[in-house]
Amino acid sequence: MKIWASANQKGGVGKTTTVVCLGGLLAEAGHPTLLVDLDPHGSLTGYLGRDPEGAEGGAYALFQAAAQGRAADAGASIVETGCTGLSLLPARTALATLDRQLGTREGMGLVIARALAGVASRFEFVLIDCPPMLGILMVNALAACERVLIPVQTEYLALHGLDRMVRTLEMVTRARPQPLPALIVPTLFDRRTRASPESLRRLRERYPEQAWRSTIPVDTRFREASRAGVPPSVAYPRARGVEAYRLLLGDLLDGPVPDRAVVVPGGVGTDSASIASQSTRSAAPEMGRQNSGETVSAAGESSHGNGGCK
Ligand SMILES: Nc1ncnc2c1ncn2[C@@H]1O[C@H](COP(=O)(O)OP(=O)(O)O)[C@@H](O)[C@H]1O
Ligand SMILES: [Mg+2]
């Protein structure tokens, strides 16, 4: 089972879209995939037709169980999405209260990693949608995953937010014996603007090793697919944006993608250091646990009308 996280402290950069689009492509290629919503806003949960206000269980129940010293049973919290091969561990808005409730408790950094280990035989892939803030949820995601995707909107000031995210990664993952490979995914690329090509050039200049070789274009079909409540690859298999994610998935499965952690050129910053050090302390002892590197075939071409979704 491979676990990837989509993370950036900036909102609106394509984190959720990346998860739902790659998830749809993996599922239709025959890889049983679990999408994990760790954003209290529950955008991914809402996208897939569930109400994050009402949903019982989900990721929140795993933390509740862990806080009470019970084994967290991820299996009981997972729901089906209506798409064959695509399951969801939903978010609840109550996730927003976790940092206040549990932020200072030891041992809360590996709740998700442990829960996912319990369902490893059911899924080939797990994609985690991270919240846009550093706290117990992001720490759990970064402890559980073996690769992080950082969607970055190609706009002016994008590098500022990216440096911040990379500093967070440096702090939170310092305890890992193995590095956490990071891939920066330039999103919402619009070649007709000045801002997109310019910011892409700067991004590649600053992070030459970590920036993905291509871009995800602006594509209005993503918004339309979210209204339909199915992965973009199901609603619009041949849309430009979906083709771009298909290329990304092919690279993730078969290379070329970086296998090293990303660092901020010129040194480590200190913002949000207290939360990070606190949470990594609790996650540190077992952060080295890694998934084996079994290989899987690249996602195939989409051919079905409904992509296996009801
Ligand atoms: N490549 C894209 N082209 C057009 N719209 C996009 C694209 N990626 C995301 N969006 C839209 O932008 C908004 C924010 O994307 P989302 O994935 O929810 O970002 P995040 O999870 O980082 O907050 C959503 O309405 C989504 O449909
Ligand atoms: Mg989101």
> In the chain, what cysteines have no partner Cβ closer than 4.7 Å?
Replying inline: CYS21, CYS130, CYS145
>> If you restrict to DSSP beta bridges whose two residues both lie in the chain, what percentage is antiparallel, to the nearest 5?
In response: 10
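To make sure I understand, if each residue's beta carbon is the centre and we count other beta carbons within 10 Å, what order do PHE63, PHE189 fall in, fewest to most? Kindly include the intermediate steps, with their values, before the conclusion.
Working: PHE63 25, PHE189 22.
Exposure proxy ranking, most exposed first: PHE189, PHE63.
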> If the viscosity is 1.306 mPa s and the temperature 10 °C, what Stokes-Einstein diffusion coefficient in µm²/s follows for the chain when Rh is the Kirkwood radius over Cα pairs?
Replying inline: 83
> Which aspartates and glutamates have a Cα less than 13 Å from the Cα of LYS2, not counting those fewer than 8 places away in the same chain?
Replying inline: GLU124, GLU146, GLU294
>> With a cap of 10 neighbouring Cβ atoms within 10 Å, and only residues DSSP puts in a loop, list the GluC sites (Glu not before Pro) found in the stretch 51-84.
In response: GLU56
>> If I model a spin label as a point 7 Å beyond the Cα along the Cα-Cβ vector, how far apart are those points for ARG202 and ASP190 in nm?
In response: 1.8
> If the cut-off is a Cα-Cα distance under 14 Å, which aspartates and glutamates reach LYS15, setting aside same-chain residues fewer than 8 apart in sequence?
Replying inline: ASP37, ASP39, ASP129
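None of the figures in this text is laboratory data; all of them are computed from the coordinates on show. In this text the structure is predicted, and so the values were computed from the model without any measurement. Cβ sites come from the backbone with ideal geometry, for glycine too, and all protein chains shown count toward neighbours.
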